[in-house]
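Input: a single structure, listed below in structure tokens.
The values are calculated or read from the model by the stated rules, or taken from the named source; none is laboratory data. Because the structure is a prediction, the values reported are computed rather than measured. Note: ideal-geometry Cβ built from the backbone for every residue, glycine included; neighbour counts use all protein chains shown.
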Amino acid sequence: MSQTAPAAPKAVEGSLNFLDDRLGSTNFFKRNARKAFPDHWSFMLGEIALYSFVILLLTGTFLTLWFKPSMHEVIYEGSYTKLNGVKMSEAYASALHISFDVRGGLLMRQIHHWAAVLFMAAIMAHMLRVFFTGAYRKPRELNWLIGIVLFTLGMVEGLFGYSLPDDLLSGTGLRITQGVLEAVPLVGTYGYMFLFGGEFPEGNHGDLIPRLFTLHVLLIPGVILALVTAHMMIMWHQKHTAMPSRNQSEKQVYGYPFYPVFMAKTGAFFMFTFGVTALLSTVTQINPIWLYGPYDPGAISAGSQPDFYMGVLEGALRIMPNWEITAWGHTLSLNVLIPATLPLGIVFGGAAAWPFLERWVTGDNRSHHVVERPRNAPVRTGVGVAAVTFYGLLWLAGANDVLADKFHVELFKTTWFFRVAIFAGPILAYIVTKRICLGLQRRDAAVIDHGVESGIIVMSPEGKFSERHVPVREEEKAVILSKENAKPEAPAVDGSGIPAPGTKGPMGFLRSRLNRGWTLDDIPVEDRGHHGEHHEVEEGERAGAEQKELSR
Amino acid sequence: MSDNKDHSTGGEQQPREEGGAPGRVVGTPSPAAERRLLPEGDTAAPEGAGEELDEQAAKRAERVVASLFVLAFAASVAFIAYYIGWSGRDGGMHGIERARESNLWLGGTMTLAFLAMAVGITIWVRRLMTSQPVVQERHELRADDATRESFAKTFLEGAQESGITKRPLLRRTLLLAAAPLGLAPLVLLRDLGPLPEKRLRHTYWGEAVRRAKAQGKKGVRLVVDGTNKPLKVSDFATPGGMITVVPEGIEEHSEHPLNEIAKAVTILINVPPDKMSPRMRARGWDVNGIVAYSKICTHVGCPAALYEQTTHHILCPCHQSTFDATDAAKVVFGPAARPLPQLPLAEEDGYLVATGDFPEPIGPSFWERG
Ligand code: HEM
Ligand code: FES
């Protein structure tokens, strides 16, 4: 059973055999060691997120060794002399201690914070890659949903994290959290009392920081870790998607083997991620809590900004008109409730529903392993860019005071600008994006039909100059021809007057309308054999194409 | 995961494209040159990989990688050496200067160690690994119909054997037993905090005024937040400026001073009496134009801490709600829906005093507020 390569060093062979005798693990290793990993730069975005999370676990654990999650009031006498004699919570004092008395403590705090920022940024970029290439399509919807939950948890985890040191900035964040909680109808004040253990900020027993601490270092990271593990296992099992290329097909995956190539590359990537967060933490200052001072409910530092991933909420709160309804002895704070729930609800809820919506509209129930180029799904790409615009505008609105200051416009005007732009921007973005996609499709069609310019100018006997076109290279042709052209719609009723399946009733009507919208204006890109000489499309490719045809 | 027939490819799957027509980036204007600009990820092989290595180039690459690894080694050693040998001098690291220094050294050496290793491994992969790309089947994930059917049968058989389908009484009582068990943990959370009751309706000003009145005084003195110095009317006689005040005795007499301060912080502003709106004048809660408003923004509770003297606007820095100090803190812009509640002021023995609590709940709105 255990015959490894003859030259394997004793230590390796010994331990592999030890495991195999007990777990039968060699079967697993044999099957998986040479797993093919398709390659594309955008596939690294998820890895950045993964590795920043590992960095967060490592540095966070270091911080817990000194951090005191306590709201107990102390008078600071320590090595940051400017705050000597100042009343503060033990949490804040211990964060100062980590920064100024524990060697490497400041570095770890800064790496922890930078890694948190990188984690969220990488998750966002990774999600966009998955969305725009349609990689979330069947069979990968579950991993898409897990990703959305991870994003949400990351936001909450980050909010709780920067609340822990109990400085002026984090206290302001908590104050806003409390105000938003209070706006929840019916149970808001109860939620507030139960979270804080009484009134803001200390409650009856100073419970808040200890509670946030437990959530931040145990519960949420535990859930994130479990979900990340599931995410990776599902990815491994389903195999990675591949970018369309000559070598990829729905039936086969092409790439370098996990062992040794991918393993080495991903190892290098971990070190890059760690190296870059370390570099940022060496040369830049992030969250210098000692400059903000301890939390004081009556004070606020002007121009304080939350971490970037909270910017959308901040922006939404800023541009919302001041609507509030008071009736029958109750108050409904739409001015808080709407911005706190609607934008993220639209983005996350929409993202979660999207794969299922798309499947319903297109009626496409096949599995997809080769992803789609964004231009070949103009509606999806348009909606994606509209969502990014929506998010981006809210995010910018969260810094409207900074923008007003930078561009010397009145603050109120920036608010009004965003109030309009938040509706107009996404619509405009959708239209423009869709047009661009169609333009690119048109160009693709032209490339297939006429080839590419060769740079060779020929003169005809009559003296006319023209540029010679040559057929496009095979691998590029394969990429272009990965487009699946829209099919002519099935007639709504067939010969004997029976409606086509899925078109009955109001939902059927809606579905067929949306379906038409999905493929409207599609530019067919096909090889009509102008340059008859090359037909050596690979077998897998053709099989894939046939399968495409069949399953409608 | 039962795959990998491992078509470790020899000849038929070349990672590199053979010659052919001039290449161009798909989707950008065609550069009419002979340039190859395939998107990087087009499974083009890492340079060198999958090919016979040119032994000389390989030797060179090996030396580069090895130097990078040595550099990483040196950086880690420097990290340890700095930590042990230098960072703890003169009784250890204390204060901002030394923290900065240690951040620079520890962070710098650590960065170098990681990046040198990362670059080294990357060059190794690109220049020295001889792995060929592999092609593997993507199997259908779903089980075939026969398996599905047979499992469906197994499932039903099991259910029948257990009797759960045949004996509804068992089924229903089991569900009955499970339901409250699921609720029990929620009940356990009840002691997370007190019920809201009327807590959010009043502030410490009310209690302080009551105590003062019990001693036969007109109201409670306003003290400056931070120094706790009582304020005389004459201290604040010139228009302009803004200070933050709290009721006298809030730190000594209240059970949770920070919570009380978080509700009771009040801003004091001196507006020219002739600028005051008729509505405010009718209230008569000012002392010669000195007015007091709750500092807690009615939006989501940030301290409304900015005051613009020329326009008499109070501005909350969080989301820019703007209140007019001359007109009972009416909202003039921003997301806040309600004015900042005003505190009734009077003068007693030359001191500023409050004669009652805020007439309405301060801070953000809530459902029961009405
Ligand atoms: C996705 C995961 C995580 C995110 C996004 C995150 C984010 C943050 C942020 C933004 C801070 C504020 C840092 C600062 O002071 O500037 C923080 C503080 C902290 N985090 Fe995390 N964190 C994560 C995971 C963890 C884990 C797993 C642990 C421990 C096992 C941990 C322990 C701590 C501690 C003790 C603090 C307070 C110390 C201090 O602020 O100096 N964190 N976290
Ligand atoms: S808290 Fe004051 S404007 Fe939002």
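For this structure, a couple of remarks:
- Tally, over the stretch B:296-325, of residues that are crowded, with 21+ Cβ neighbours inside 10 Å and near ligand 2 (Cβ under 8 Å from one of its atoms): 12
- Out of A:VAL385, A:VAL370, A:VAL347, sole residue that is out of contact with any Gly (no Cβ under 6 Å at 6 or more places or on another chain), within 14 Å of chain B (Cβ to nearest Cβ) and of a type in the set (Val, Ile, Thr): A:VAL370
- Residue within the stretch A:359-375 that is more than 27 Å from A:ARG513 (Cα to Cα) and assigned to a loop (DSSP other than H, G, I, E, B) present: yes
- Members of the stretch B:118-165 found to be among the charged types (D, E, K, R) and closer than 30 Å to A:MET271 by Cα, listed by number: B:ARG126, B:ARG127
- Of all the residues in the stretch A:196-207, those that are in contact (Cβ under 8 Å) with a residue 60 or more places away in the chain and either facing chain B (nearest Cβ under 7 Å) or surrounded by 24 or more Cβ atoms within 10 Å (Cβ to Cβ) (or both) number 3.
- Filter result for A:THR266 (buried (at least 20 other Cβ atoms within 10 Å of the Cβ) and within 17 Å of A:LEU118 (Cβ to Cβ)): no
- All positions within the stretch B:258-279 that are part of a helix (DSSP H, G or I) and either in contact (Cβ under 8 Å) with a residue 12 or more places away in the chain or at the interface with chain A (Cβ under 9 Å from one of its Cβ atoms) (or both): B:LEU258, B:ASN259, B:GLU260, B:ILE261, B:ALA262, B:LYS263, B:ALA264, B:PRO273, B:LYS275, B:ARG279
- Only one of B:LEU188, B:LEU104, B:LEU174 that is more than 14 Å from every other protein chain (Cβ to nearest Cβ), in a helix (DSSP H, G or I), of a type outside the set (Ser, Thr, Tyr) and surrounded by fewer than 17 Cβ atoms within 10 Å (Cβ to Cβ): B:LEU174
- Of all the listed residues (A:MET88, A:MET71), the sole one being within 16 Å of ligand 1 (Cβ to nearest atom), within 12 Å of chain B (Cβ to nearest Cβ) and part of a loop (DSSP other than H, G, I, E, B) is A:MET71.
- Any chance A:ALA95 is within 17 Å of A:ILE289 (Cα to Cα), touching a helix residue (DSSP H, G or I) at 6+ places or on another chain (Cβ under 9 Å) and among the aliphatic types (A, V, I, L, M): yes
Residues checked against (1) facing chain B (nearest Cβ under 10 Å); (2) free of Cβ contacts under 8 Å to residues at least 60 places away in the same chain; (3) outside any helix (DSSP H, G or I):
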{"residue": "A:VAL156", "(1), (2), (3)": "no, no, no"}
{"residue": "A:TYR162", "(1), (2), (3)": "no, no, no"}
{"residue": "A:PRO165", "(1), (2), (3)": "no, no, yes"}
{"residue": "A:LEU169", "(1), (2), (3)": "no, no, no"}
{"residue": "A:VAL180", "(1), (2), (3)": "yes, no, no"}
{"residue": "A:PRO185", "(1), (2), (3)": "yes, no, yes"}
{"residue": "A:GLY191", "(1), (2), (3)": "yes, yes, no"}
{"residue": "A:PHE194", "(1), (2), (3)": "yes, yes, no"}
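- All positions within the stretch B:234-255 that are at pLDDT below 90 and either in contact with a Ser or Thr (Cβ under 9 Å, 6 or more places away or on another chain) or farther than 22 Å from B:LEU340 by Cα (or both): B:SER234, B:ASP235, B:ALA237, B:THR238, B:GLY249, B:GLU251, B:GLU252, B:HIS253, B:SER254, B:GLU255
- Qualifying residue in the stretch A:334-344 (condition: modelled with pLDDT of 90 or more and not in a helix (DSSP H, G or I)): no
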